[in-house]
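Student: Right, I'll just put the structure down here and ask away after.
Derivation of every value follows stated rules applied to the coordinates shown; laboratory data play no part. No experiment lies behind these values; they were computed from the predicted model shown. In this analysis, Cβ positions are derived from the backbone assuming ideal geometry, glycine residues included, and neighbour counts consider all displayed protein chains.
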Amino acid sequence: MSLKKIKENFYEELGMNKYDFFNNLVNEIGNFAFLISEIYKSGEVKTSIIENYGYYISNESSLYIAELNEAKEIRVYYSYEELFYSFYLYYLKNMADYSDFMLFIEQELYNYTQYTDNLKKYKIKFDLNDFLNRDKLRNFLIEYNKKENIYNYNFINFNRKYINYWDINILKKFYSFLLKEGKLKEILNKKEKKYTLPKTNLEKFIINILKNKIEIEYKNIELEYYDSRGVVGFQYKEKLEKSDVALLKYKNINDLKEERFRNSRDEMNVEIISKKDFLKELEIIVNAYEDIYNDNEVQEMFENFKKNF
């Protein structure tokens with residue numbers, strides 16, 4: 001296998017800037033919360049992560065992101081500060097994708113600055129809380145998903161490590177995702193009664209508008225597998241032990257441990273809401289969208305949407 005190290009002339013060598021290369025890493029994995037959680041383990045930065053995906057970050061001697069295939073390895077080098085800003089910028093652009101993991105992600109960003117603060121050579125002078133507290137979208141999502149963030153933060157750090165469909169507030173996740181720039185307008189322009197709304201490489205929503213109700217199905221590839229020990233869902237902080245993996249069959253629902261939303265859903269990944277309640281909650285999102293993006297079109301679009309709903 002050939003090895004190519006890129007420490008300068010990044011655009012000429014890669015055909016993209018360093019942030020875009022980092023962005024490819026996150027998109028390939030499809031789970032930013034998992035990626036950032038894997039940097040830290042027992043208070044120390046790990047030497048490599050996500051090697052099975054064809055990308056990894058290493059700090060064995062120098063900090064780099066590597067892209068791997070059978071023929072070659074490309075290493076793109078970053079300073080500790082550059083990597084931090086790549087994580088931070090990605091979070092700002094995509095926080096609506098991770099609205100129920102924001103506290104967890106922000107804690108990991110803070111941990112990264114603390115790690116580098118202990119290395120005087122790499123010290124990052126950045127007041128994370130000050131910058132985050134000025135972001136309108138972030139402040140709305142944190143408040144809107146307050147219970148969900150607290151639940152997941154405590155769940156991962158102090159309770160168990162596995163997340164499954166029964167732990168997820170699908171309605172809040174769906175409405176929060178609509179606050180990603182352009183997404184709300186996308187659904188307000190929909191004419192179909194049933195459509196798919198892609199989220200990340202791993203996730204999507206399937207919206208089914210029926211006569212008196214709305215079905216919102218949330219599908220996440222990582223949450224549809226279980227191993228031979230009966231562990232269902234996706235594990236944070238530590239990688240799954242090697243095990244036989246098989247597709248989770250819905251007939252096995254009753255074998256799962258009860259979680260938060262077990263008693264309120266007929267199916268573990270489908271939320272049903274009345275049309276009246278759907279519009280009521282959507283109006284909250286429309287008002288927030290207008291304020292966050294200073295958008296003067298979305299209210300009129302919403303009124304037209306209601307007429308045709």
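Student: Loop-only check: which GluC sites (Glu not before Pro) in region 160-206 are DSSP coil with at most 11 other Cβ within 10 angstrom?
Tutor: Details: sites: E181, E186, E192, E203; in loops: E181, E192.
Counting only loop positions with at most 11 other Cβ atoms within 10 Å, the GluC sites (Glu not before Pro) in region 160-206 are E192.
Student: Here is a follow-up. What pairs from K18/K136; K18/K204; K93/K136; K4/K199; K147/K183; K180/K307 go past 22 Å between their alpha carbons? Don't jump to the answer; show the numbers that get you there.
Tutor: Numbers: K18/K136 27 Å; K18/K204 28 Å; K93/K136 13 Å; K4/K199 33 Å; K147/K183 24 Å; K180/K307 24 Å.
Check vs 22 Å cut-off fails for K18/K136; K18/K204; K4/K199; K147/K183; K180/K307.
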